[in-house]
1. Tally up the residues in the stretch 171-182 that are buried (at least 22 other Cβ atoms within 10 Å of the Cβ) and of a type outside the set (Val, Ile, Thr), please.
2. Being assigned to a loop (DSSP other than H, G, I, E, B) and of a type outside the set (D, E, K, R) is true for just one of ILE260, ILE249. Which residue is that?
3. Can you tell me which residues in the stretch 178-225 are in a loop (DSSP other than H, G, I, E, B), of a type in the set (A, V, I, L, M) and within 16 Å of the ligand (Cβ to nearest atom)?
4. Do we have SER274 as within 26 Å of ARG138 (Cβ to Cβ) and not hydrophobic (A, V, I, L, M, F, W, C) here?
5. For the stretch 138-170, which residues satisfy the criterion of being within 13 Å of the ligand (Cβ to nearest atom) and either among the polar types (S, T, N, Q) or not assigned by TED's automatic domain parsing to the domain that holds ILE204 (or both)?
6. Restricting the stretch 128-137 to residues that are away from the ligand (no atom under 12 Å from the Cβ) and touching a residue at least 24 places away in the same chain (Cβ under 8 Å), which is surrounded by the most Cβ atoms within 10 Å (Cβ to Cβ)?
7. Out of (1) within 24 Å of ASP104 (Cβ to Cβ); (2) among the small types (Gly, Ala, Ser); (3) not in a helix (DSSP H, G or I), what's the single condition that is false for ALA55?
8. Can you pull out the residues in the stretch 16-65 that are charged (D, E, K, R) and over 22 Å from GLN101 (Cα atoms)?
Amino acid sequence: TVYFIDGQFTERDGLAISIDDRGYYFGDGVYEVIKVYGGELYTAEEHIDRLFQSATKIKMTIPYAEVQLMEIARELVAKNNILVGHVYIQVTRGSAPRMHQFPDPTVPPVVTGYAINNPRPMMGIENGVGVKSVADVRWLRCDIKSLNLLGNVLAKQEAHEAGCIEALLHRDGVVTEGSASNMFGVKGGTVYTHPVTNLILNGITRQVVLGLCEEQGIPVVEKSFTIDEAFEMDEFFLTSTTSEVTPVISIDGRPVSSGILGPLTMKLQKAFSSQIPSFIAD
Ligand code: PLP
């Protein structure tokens, strides 16, 4: 695998990150995952845009222009011969002796990245998945795609231990999102999802799917719903860069509707697949 680190492309051997990296000490940094289909980056501009927005929100300056990061992502795809997979890009506030406050004078942010082959998770996409409700105990800036993912990690582990693919996070019974995905319910032909606030990450896939709903004439209400209401939905699905549109067929072991794939979810999956650039089946 060819990695990007310190402004250079390099093999894994000899690659070194400082033990004083603030990403390592504090999770003090931001990241993005960009999907690759048929050797092409998908919605890369939106992801790189969001990376810059996340950096601004944590008062960090990325030492590249957006077009430069795009070029780095492209080169990672080319150098690693990625057909279907993803690019990971991370930027930390840099390396400095451990102190909570920002280094003064500032140190250069550390930009790293790689690209790997990773097939579409067709099992979940085609058959649906189960989720487990987990209390959302994360901080109040979930709109930032930060490296601080302990809340997400613990939620995902709890779901995993219950044999579920994803955690359905809720604050005081109100559904926010997944540990690494956005959550959607369908009731009476209308799609419901949490509005864009500080309590969720506004997923790029979420935005793509809401656009597809509009194209398909499917009504959308960006309004939160409760866990109790989630159980009553006709259909349920989650979205993310890697999971695309994945049907949720059970919540806490209870089947959603009759536990079969919903027609509206399948319609959105079809619409999603058809706009993937030069898709080559893996
Ligand atoms: N919410 C959280 C907490 C995430 O980590 C992610 C992505 O991994 C998402 C939502 C989905 O975002 P996207 O569709 O941009 O991948």
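1. At the first step, the residues of the stretch 171-182 found to be buried (at least 22 other Cβ atoms within 10 Å of the Cβ) are 175, 177-179, 181-182.
So of that shortlist, the ones also of a type outside the set (Val, Ile, Thr) come out as 177-179, 181-182.
Selection size over the stretch 171-182: 5.
2. Working: ILE249 fails: assigned to a loop (DSSP other than H, G, I, E, B).
One residue alone meets the criteria, ILE260.
3. ALA180, VAL196, LEU199, ILE200, LEU201
4. Working: within 26 Å of ARG138 (Cβ to Cβ): no; not hydrophobic (A, V, I, L, M, F, W, C): yes.
No; evaluated as a whole, the condition is false for this residue.
5. SER146, ASN148, ASN152
6. Kept after step one, since they are away from the ligand (no atom under 12 Å from the Cβ), are these residues of the stretch 128-137: 128-135, 137.
If we keep only those that are touching a residue at least 24 places away in the same chain (Cβ under 8 Å) as well, we get 128-135.
Numbers: GLY128: 23, VAL129: 20, GLY130: 22, VAL131: 27, LYS132: 21, SER133: 21, VAL134: 23, ALA135: 14.
Of everything passing the filter in the stretch 128-137, VAL131 is surrounded by the most Cβ atoms within 10 Å (Cβ to Cβ).
7. Exception for ALA55: condition (3).
8. Those that are charged (D, E, K, R) and over 22 Å from GLN101 (Cα atoms): GLU32, LYS35, GLU40, GLU45, GLU46, ASP49, ARG50.
The values are calculated or read from the model by the stated rules, or taken from the named source; none is laboratory data. Since the structure is predicted, the reported quantities are computational estimates derived from the model, not experimental observations. Reconstructed Cβ throughout: ideal geometry from the backbone, glycine too, with neighbour counts over all protein chains shown.
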